[in-house]
Amino acid sequence: MRLNLCISRLLTCPGPSDPCMARAHPRSLLGRLVQHQEGYLHLIFVGWDCKARTSSMGPSELADHQQWTPERNRSILSLQAHQSCVYQALFSPHQPDIVGTCSTDGTAKVFDLRSPSYASGTNTFTNPLNAAVLTIPASGTEVLSLDWNKYRPWVIATGGVDKIARVWDCRMIKPQEVNQVGGVCETQLLGHEYAVRKVQWSPHRPDVLATASYDMTCRVYVRL
């Protein structure tokens with residue numbers, strides 16, 4: 001569930017169902033604006049475009065993610081991002097057309113929505129896969145979470161089943177050029193005993209990262 005404070009809209013993804021968008025009215029209950037109907041097996045996450053403030057994004061177990069606007073009850077864009085379940089899809093807080101994703105296939109990917117295209121070497125009829133501008137081989141196991149640094153435009157944090165949170169420098173990326181592979185791992189953050197379920201950069205400082213794990217602990221790393 002995500003709340004857009006700028007326009008008083010609430011976006012929810014109620015488990016194995018379709019996402020709903022609602023508007024908060026003074027002195028009243030939330031009124032539903034639209035329910036997006038796409039026939040999901042299971043919708044995992046929703047997030048707002050904090051730059052344009054009008055679009056939302058949601059990944060699913062179908063290895064794709066969709067983009068919506070409040071004016072339509074169908075997605076305006078669908079990307080076949082990974083070969084397996086997509087756990088998270090986040091708009092960059094710095095550029096409204098850049099989206100980062102992470103998946104059970106062990107990768108994090110960055111997409112430029114201005115030039116969506118299919119990856120070369122894939123069967124675009126039976127198994128299409130959209131081309132990312134950058135693919136980060138983030139882990140040998142599932143990547144469960146990622147987050148954009150709020151102050152450093154091309155720095156991403158990831159966390160997953162291998163119990164490690166990582167910070168990636170993606171400044172080598174060239175937007176609108178596809179199929180780049182890389183990303184420099186600046187640091188690996190150890191300490192959790194089980195999978196890292198969530199990573200999140202501080203909105204107040206560029207060098208503070210918080211993590212949450214299935215070991216029932218949260219950790220805060222500073223001066224990264």
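Numbers at a glance
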| read-out | value |
| --- | --- |
| Elements of type strands (runs of 3 or more DSSP E) in the stretch 120-224, at least 3 residues being modelled with pLDDT under 95 | 134-136, 184-189 |
| Search result, residues across the stretch 86-115 that are within 13 Å of TRP154 (Cα to Cα) and in a loop (DSSP other than H, G, I, E, B) | SER92, PRO93, HIS94, GLN95 |
| All positions within the stretch 186-224 that are hydrophobic (A, V, I, L, M, F, W, C) and either loosely packed, with under 14 Cβ neighbours inside 10 Å or on the phi > 0 side of the Ramachandran plot (or both) | LEU190, MET216, CYS218, VAL220, VAL222 |
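Residue-wise test of (1) of a type in the set (A, V, I, L, M, F, W, C); (2) more than 16 Å from LEU146 (Cα to Cα).
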| residue | (1), (2) |
| --- | --- |
| VAL184 | yes, no |
| GLN188 | no, no |
| ALA195 | yes, no |
| LYS198 | no, no |
| TRP201 | yes, no |
| ARG205 | no, yes |
| SER213 | no, no |
| MET216 | yes, yes |
| ARG219 | no, no |
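The values are calculated or read from the model by the stated rules, or taken from the named source; none is laboratory data. Remember, predicted model here, so these are calculated numbers, not experimental data. Virtual Cβ from ideal backbone geometry, glycine too; neighbours counted across all protein chains shown.
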